[in-house]
Amino acid sequence: MAKDKTLFTCTECGGTSPKWLGKCPSCGAWNTLIEGVAESAATGKNRFAAPLSLAGSSPVQALGDIEASDVERTPTGHEELDRVLGGGIVEGGVVLIGGDPGIGKSTLLLQALDSLQRAGTAALYVTGEESAAQVALRARRLGLDNSQVQVQAETQLEKIIATLAAQQPRIAVIDSIQTVYSEQLTSAPGSVAQVRECAAHLTRFAKSSGTAIVLVGHVTKEGALAGPRVLEHMVDTVLYFEGDTHSNFRLVRAIKNRFGAVNEIGVFAMTQQGLKGVSNPSAIFLSQHSEPVPGSCVMVTLEGTRPMLVEIQALVDGGGPSPRRLSVGLDRDRLAMLLAVLHRHAGIACADQDVFVNAVGGVRITEPAADLSVMLSITSSLRGKPLPKGFIAFGEVGLAGEVRPAPRGQERLKEAAKLGFSTAIIPKANAPKKSQMKDFEGMTIHAVERVEQAMEMMRELQSG
């Protein structure tokens, strides 16, 4: 019997090579080629016949002649999920959601399908990892009694598409895409070829039929979605579940969204009745100190369109011959840069000290507007003096020591004033005009242009 021909496929881009190479010839990624069985010509010849028959040819039109209108959205009944999706489910949209095992992906989607079904939207839940009885058991644990969501336990692509065509649901969840396989391919479920082709078939079906499809994806140990990177390019929206499985709070972040803003986040709390939206997420990112403590500074960060207050904590301690620089939730390289700026322009040296910085609540802050609050918290810890109660700060710091404005500074200040903060150090370019000060009654705003001014203002506030 002839030996099956093997082919090496890149897990990043899906490119192929007849032999193993350290570097993918298509995308240049290292150590991403995985051996698999090559598809025969007879198998591959007609594998697109089914999906292509679903879609007719489209006429060529001038861009100015095309009528552009806002897409209709169907709310899921979960405000935080709707925020991340951009307002709700879009007809014919394809959503890919990934996260660590046990973080709550299936729970949230089952709750959303039940809410949609009770609102009169036909919904289908296709499970490939559990039996229908297991899904029903979870629904009872979540308090979804007498739910009429249709459930199918199936992993074969052709049968799933046949069910979708027969049932014609408005929304369908495929849990998960790594368990689905097509008989037209000989590779195992979860392989690069199977994931890519099954996702392509389901995407074509969604676009031609108008059924919104949600694909649940596995993640690697590094936290990225497993399978070829082209999977993320196929779909309309990519969502990531974040958070510690040992914590009660979960974040759902939009990484890509063709129908809404990216980097939006939804905040959920895990309860006995499933995931519940958190309307005031700032509360979970602020510590519960009765009195201010050294090394703590609150900033206002923007996650998509939502301003949120996050506490930045710093601990400066005597180090050895090789001082450590460790940050959780913040960029470590940027921390090293801020320490250098602090030394050069403000005369505050931490070269022989261990410096640890943490964003409370497990949130990740990627925007540079956290620079000023990080520097103030480090200085507060080094001197052992707390910042005043009700104090916030935000602003980007440059290598020359200048304090640059943060985008949408007025919204940040309004969010802080709404939550009772009374003192702020902000970039001068973000300072409200006299006519706008009525929106910030009871708040004292100090506008600075340089790091030195911010440190001097901090000393005055601490001594006063």
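Where a number appears in this text, it was derived from the coordinates with a stated rule and is not lab data. The structure presented is a predicted model; accordingly, all values stated were derived computationally and were not measured. Don't worry about glycine lacking a Cβ; one is built from the backbone with ideal geometry, like all the others, and counts go over all protein chains shown.
Below is a table of values for the structure above.
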item: Residue within region 249-264 that is within 29 Å of ILE34 (Cα to Cα) and assigned to a helix (DSSP H, G or I) present; result: no
item: Unmet requirement for ALA226, which otherwise passes all of (1) over 24 Å from ASP82 (Cα atoms); (2) over 20 Å from the mean Cα position of the chain (by Cα); result: (2)
item: Unmet criterion (only one of (1) without any contact (Cβ under 8 Å) to a residue 60 or more places away in the chain; (2) out of contact with any Asp or Glu (no Cβ under 9 Å at 6 or more places or on another chain); (3) not in a helix (DSSP H, G or I)) for VAL355; result: (2)
item: Count - residues of region 321-360 that are aliphatic (A, V, I, L, M) and touching a Pro at 6+ places or on another chain (Cβ under 8 Å); result: 2
item: Breaking point among (1) crowded, with 16+ Cβ neighbours inside 10 Å; (2) under 28 Å from the mean Cα position of the chain (by Cα); (3) part of a loop (DSSP other than H, G, I, E, B), for LEU387; result: (2)
item: Scan of region 145-167 for residues that are surrounded by 15 or more Cβ atoms within 10 Å (Cβ to Cβ), out of contact with any Ser or Thr (no Cβ under 9 Å at 6 or more places or on another chain) and part of a helix (DSSP H, G or I), ordered by number; result: ILE160, ILE161, THR163
item: Test set (1) surrounded by 22 or more Cβ atoms within 10 Å (Cβ to Cβ); (2) under 16 Å from the mean Cα position of the chain (by Cα) - ALA261 fails condition number; result: (1)
item: Region 70-115 - residue that is in a loop (DSSP other than H, G, I, E, B) and touching a Lys or Arg at 6+ places or on another chain (Cβ under 7 Å) and, of those, surrounded by the most Cβ atoms within 10 Å (Cβ to Cβ); result: GLY99
item: Flag for GLU197 being acidic (Asp, Glu) and surrounded by fewer than 23 Cβ atoms within 10 Å (Cβ to Cβ); result: no
